[in-house]
Amino acid sequence: MKKAAADGSPVIIKKYANRRLYNTETSSYITLEHLAVMTREHRDFKVVDAKTDDDITHNVLTQIIMEEESRGQTLLPVSFLRQLITLYGDSMQAMVPGYLEASMDSFRRNQEQFKTAVEGAFAHSPFAEMTKRNLAMFEAAAHAFKPGTNPGETPDVPATKADDMAALRAELARLQDKVDKLG
């Protein structure tokens, strides 16, 4: 579900000849990073050429991906990129966008199902706390795929090994108390 502007329409971003981006909603200049954040927040926006009013959203989103890839945030393997390039001009080209979109939707659903299954499997075990921390770290690693999160947000994970050890000792003490009560 995409969040739109207050009136329900997408936020209009104007791109000027000097490559500057102007957010008409906030009346301020923004960067590609701002657009990446808006995308992660599921903000619906449309980028238009300020001079011609042409919709250039696709080009700008592709540029954001290229920026992320150049920063070492490689998400697209070389073999995938090669396969994608071979599909341009192919008779199946028209089917590719729908297929890729359906695949990403399936990936997101599977990610949520995996998370739910792992949480449920370890909910009442001695490793519950450790599992929660591991899931939090997994979420942080998969942050690029998770819709609706801000890049500055990070799940609560222990800061040091000492915190991990303290949490495990506390859990062990709690379990020992249960065993003592049963005995």
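The values are calculated or read from the model by the stated rules, or taken from the named source; none is laboratory data. All of these numbers come straight from a predicted model, not from anything done at the bench. All Cβ positions, glycine included, derive from the backbone under ideal geometry; neighbour counts span all protein chains shown. All accessible areas refer to the heavy atoms of the entire protein, side chains included, with ligands and DNA or RNA removed. Shrake-Rupley method; radii C 1.70, N 1.55, O 1.52, S 1.80 Å.
Of the residues Ala36, Ile65, Thr24, the one whose Cα sits farthest toward the positive end of the charge dipole of the stretch 15-72, with +1 on the Cβ of Lys and Arg and -1 on the Cβ of Asp and Glu, is Thr24. Shape class for the stretch 7-68: rounded, because the ratio a/c of the largest to smallest gyration tensor axis (alpha-carbon atoms, square roots of eigenvalues) is under 1.5.
When the solvent-accessible area of the stretch 12-90 is split by element, carbon and sulfur atoms take up 54 percent of it, the probe being 1.4 Å. So if I take the centroid of the Cα atoms in the stretch 35-64 and the same for the stretch 164-183, what is the distance between those two points in Å? The two parts, judged by their Cα centres, are 53 Å apart.
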